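The values are calculated or read from the model by the stated rules, or taken from the named source; none is laboratory data. Just so it is clear, the model here is predicted, and its values are computed rather than measured. Neighbour counts run over all protein chains shown; Cβ positions are idealised from the backbone, glycine included.
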Amino acid sequence: MATCCCDTVRESDEKYTELKAVFEKYKDTKGSLIPVLHEAQEIFGYLPFEVQKTISEELKISLSEIYGVATFYSEFSLEPKGENVVSVCLGTACYVKGAGDILDKFKELLGIDVGECTADGKFSIAACRCIGACGLAPVLTINEDVHGRVVLEDVPKILKKYQ
Amino acid sequence: MKTVENKYRINVGMATCGIAAGARPVLAALEKKISESNIENAEAVMTGCIGVCRLEPVIEIVNPDGTKFTYVNMSAEKALEVLDEHVLNQKVLEKYTMDAAESKSFFGKQVRIAMKNCGIINPEDIEEYIAKDGYKALEKALKEMTPQEVIETVKASKLRGRGGAGFPTGLKWQFARNSVNDQKYVCCNADEGDPGAFMDRSVLEGDPHSLIEAMVIAGYAIGSDQGFVYIRAEYPTAVNRLDKSIKQAKEKGMLGKNIFGTDFNFDLEIRLGAGAFVCGEETALMTSIEGFRGEPRPRPPFPAVKGLWMKPTILNNVETFANVPQILLKGPEWFSGIGNEKSAGTKVFAVGGKIENTGLVEIAMGTTLREVVYEIGGGVPNGKAFKAAQTGGPSGGCIPASLLDVPLDYDNLINIGSMMGSGGLIVMDEDNCMVDIARFFLEFTVEESCGKCPPCRIGTKRMHEILEKIASGEGEMSDIDKLEELAKGIQASSLCGLGQTAPNPILSTLRYFRHEYEAHVKEKRCEAKVCKAMIDFEVDAKTCKACTLCLKACPVGAISGKVKEIHVIDNSKCIKCGACISRCKFGAISKKDKIVAKEAI
């Protein structure tokens, strides 16, 4: 498993208090692992090793199984994400309208690949599957904002807004 | 409907696509103006998807007499203008309305059952759903029908699953009813993973109560008191609205204990998916709800016997459920009378890709592809030629122009090598390369294969490699045969639906577009000029105005020239990104077949 920045995580006791509340909320729920992981990621931004370990102890599920689940689903990330997450939709409707080129443009401008984070921690890129806004294809999201009908030339302008 | 008499009701389409296109400021502006200026005869209401995605944001004004006007491409300013003219001055502001002819061709052929309330009611207000006969079917089932009668009604309606395979819904319910157990479950598959499909999202966002009502009915029919909706985390708006609706239904006594004062109890829980396509497969979905990696299980035992936590379980998708209340209210004969012999009712298609009117359309089964593409969809834009329509997503296939007149129903689509799937329908034109499209889908399945069974885990990877080889100009004729053989093997031997259908995009493109594969292999030529290894970019010296725009746009400095000096592209440096083509105002740059490759043959 990739090493992580456990020291910084432990410091954030506040976040751990929040996590405790999540355990409380799901203590009677059958099959609670995935909802717990969702909320843990919401709190920490990703799922660091330490957090997985805490979940393992609390839910009495082996760490290997938690790691297995966390790596199986694309929603969960074991690496910290950038401050701004660029998510280019690669659903079919977007793909036939040139989303692949748009993704390449982001990679080129930011100098990172999908799943990576820029050195300054500002941006990371994700390729996502259909967000269901096919009428606006090609479409991408940056954080919560949706940008639709994007053409190659828009890409630098869009990035600038978040720099 | 809550509309007070003599009031103009302004519906603002606020599904995800509407919001993305800017519907929120439109609604906010209207609400502000109405309250500030004390306009008593108008109210602005959020609704779900109206269906014309291309023209979002869309508002629909319902006059006090019931007539409807659709205003499109709205902004906050335009919407206020509409409010002034239409409501205050009582004049239709024609410059913003949807073209009447277009509206007729887009909506005229549609039959709305699953989407009947979408874009009409406020999805976050249970009263509006109730005013549209909402929860009446549930009341009827609980008070006037036995569980077996409910199942007989669904069976007689000939409703089949709208999520993919088209299994008869009533039969599925019967199997689960026949399984004797102390606990049974009702599950809804709202993990719409098929890229290019968003009909379930529209129902969830536009009419969430119809799903809740149907699931309670299903619970009553099979003898279950607990339901789960497994919904994509990528659909935050849908999750939010469903969550609100569940709370409202509980407060009203339509969910929870003693529903409608009877002794029937049913509870509903939302479970978020986490981005795994395989979880659309029923056993994988249940494994995921249980909290594990979403890997499928061998069947039998089928979920109706041993499903979630090994208890009898039914799983239907959102659209299937959305039909159920109507079937109970209007009778099975009404439903089976729509559509054709073996495929009753309607199907919602998410029409997208290279088509004028992208949007959601609900049509009677048996409508032809030509009607969908040309009459409802308005044809292919920019005068390009229609090449294929892809249905069924990564599990489906490409339908060529020669089959445009095939009626769209379950069996016809299977016969021509595609499938209904969940209802994505992507139109492709002459600029789309079919080898590239097959490769695109295989890339998807390689990534989404859960890895449990070797035919899918290893086989899809091998198929993808062969497609890469062909697309990069390295293919040999024997590769095409290998591809076909592999595809058939994987189809026959994979554990679940994902693997069994993963070869469909390859088999269908091989069946109808074999010449494209052969051109890639024999002539090293990509007809659509998509595969980068087989094209060059060229500046036409006659059209080039030597403006240097393309020079500046080129990320790798492959274009030489200066002002008043015709530009030239060095194809050995060019990465074929197309930035120059999109920048050139004179259309002077185009893609050509790579000459070197031709000489090498």
Exercise for review: Within region B:94-124, track down each residue that is within 16 Å of B:VAL351 (Cα to Cα) and not in a helix (DSSP H, G or I).
Suggested key: B:LYS109, B:GLN110, B:VAL111, B:ARG112, B:MET115
Exercise for review: Among the residues of region B:133-145, count how many are surrounded by fewer than 14 Cβ atoms within 10 Å (Cβ to Cβ) and in contact with an Asp or Glu (Cβ under 9 Å, 6 or more places away or on another chain).
Suggested key: 0
Practice item. Could you list all residues from region B:159-190 that are aromatic (Phe, Trp, Tyr) and surrounded by 22 or more Cβ atoms within 10 Å (Cβ to Cβ)? Key: B:TRP173, B:TYR185
**Study point:** Only listed residue being outside any loop (DSSP other than H, G, I, E, B) and surrounded by fewer than 24 Cβ atoms within 10 Å (Cβ to Cβ), chosen from B:GLU474, B:GLU443
**Key:** B:GLU443
Exercise for review: Only residues that are surrounded by fewer than 18 Cβ atoms within 10 Å (Cβ to Cβ) and away from chain A (no Cβ under 14 Å): list them for region B:58-75, please.
Suggested key: B:ASN63, B:PRO64, B:ASP65, B:GLY66, B:THR67, B:LYS68, B:SER75
Exercise for review: For region A:121-132, name all the residues that are in contact with an Asp or Glu (Cβ under 8 Å, 6 or more places away or on another chain) and within 10 Å of chain B (Cβ to nearest Cβ).
Suggested key: A:CYS128, A:ARG129, A:CYS130, A:ILE131, A:GLY132
**Study point:** The lone exception for B:LEU285 - which of (1) within 14 Å of chain A (Cβ to nearest Cβ); (2) at pLDDT below 95; (3) on the phi < 0 side of the Ramachandran plot it fails
**Key:** (2)
Exercise for review: Return only the number of the condition from (1) out of contact with any Leu (no Cβ under 6 Å at 6 or more places or on another chain); (2) of a type outside the set (A, V, I, L, M); (3) away from chain B (no Cβ under 14 Å); (4) crowded, with 22+ Cβ neighbours inside 10 Å that A:GLY135 does not satisfy.
Suggested key: (3)
Review point. Any idea which residue in region B:196-218 is nearest to A:CYS128 (Cα to Cα), counting only those that are among the acidic types (Asp, Glu) and in contact with a Gly (Cβ under 7 Å, 6 or more places away or on another chain)?
Key: B:GLU205
Point to revise | Test result for B:CYS577, part of a loop (DSSP other than H, G, I, E, B), farther than 18 Å from A:GLU153 by Cβ and of a type outside the set (Phe, Trp, Tyr) | key: no
**Study point:** Wholly within region B:178-260, helices (runs of 4 or more DSSP H) carrying at least 1 residues that are under 21 Å from A:GLU75 (Cα atoms)
**Key:** B:199-206, B:236-251
Check your understanding: So which of B:GLY196, B:GLY223, B:GLY219 is at positive phi and either surrounded by 24 or more Cβ atoms within 10 Å (Cβ to Cβ) or among the hydroxyl-bearing types (Ser, Thr, Tyr) (or both)?
Key -> B:GLY196
Review point. Within region B:583-590, is there a residue that is among the hydroxyl-bearing types (Ser, Thr, Tyr), in contact with a Gly (Cβ under 8 Å, 6 or more places away or on another chain) and more than 14 Å from chain A (Cβ to nearest Cβ)?
Key: no
**Study point:** Filter pass, A:ASP113 being more than 20 Å from B:CYS577 (Cβ to Cβ) and either surrounded by fewer than 20 Cβ atoms within 10 Å (Cβ to Cβ) or touching a residue at least 12 places away in the same chain (Cβ under 8 Å) (or both)
**Key:** no
Revision key, fill the gap. Matching residues in region B:414-427 (surrounded by 24 or more Cβ atoms within 10 Å (Cβ to Cβ) and more than 14 Å from the chain's Cα centre (by Cα)) number 1
Review point. On the given criteria, is B:VAL180 among the hydrophobic types (A, V, I, L, M, F, W, C), out of contact with any helix residue (DSSP H, G or I) (no Cβ under 9 Å at 6 or more places or on another chain), more than 14 Å from chain A (Cβ to nearest Cβ) and over 20 Å from B:SER336 (Cα atoms)?
Key: yes
Exercise for review: Working carefully through the options B:LYS562, B:LYS576, find the one that is touching a helix residue (DSSP H, G or I) at 6+ places or on another chain (Cβ under 9 Å) and within 14 Å of chain A (Cβ to nearest Cβ).
Suggested key: B:LYS576
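Residue by residue, here is whether (1) closer than 16 Å to B:ILE506 by Cβ; (2) in contact with a strand residue (DSSP E or B) (Cβ under 6 Å, 6 or more places away or on another chain) holds:
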{"site": "B:LEU404", "(1), (2)": "no, no"}
{"site": "B:ASN415", "(1), (2)": "no, no"}
{"site": "B:GLU430", "(1), (2)": "no, yes"}
{"site": "B:GLU443", "(1), (2)": "yes, no"}
{"site": "B:CYS453", "(1), (2)": "no, no"}
Review point. Conditions: (1) surrounded by fewer than 18 Cβ atoms within 10 Å (Cβ to Cβ); (2) within 14 Å of another protein chain (Cβ to nearest Cβ); (3) modelled with pLDDT of 95 or more. B:PRO236 meets all but one. Number of the miss?
Key: (3)
Point to revise | Only listed residue being surrounded by 17 or more Cβ atoms within 10 Å (Cβ to Cβ), in contact (Cβ under 8 Å) with a residue 40 or more places away in the chain and within 14 Å of chain A (Cβ to nearest Cβ), chosen from B:LEU30, B:LEU55 | key: B:LEU55
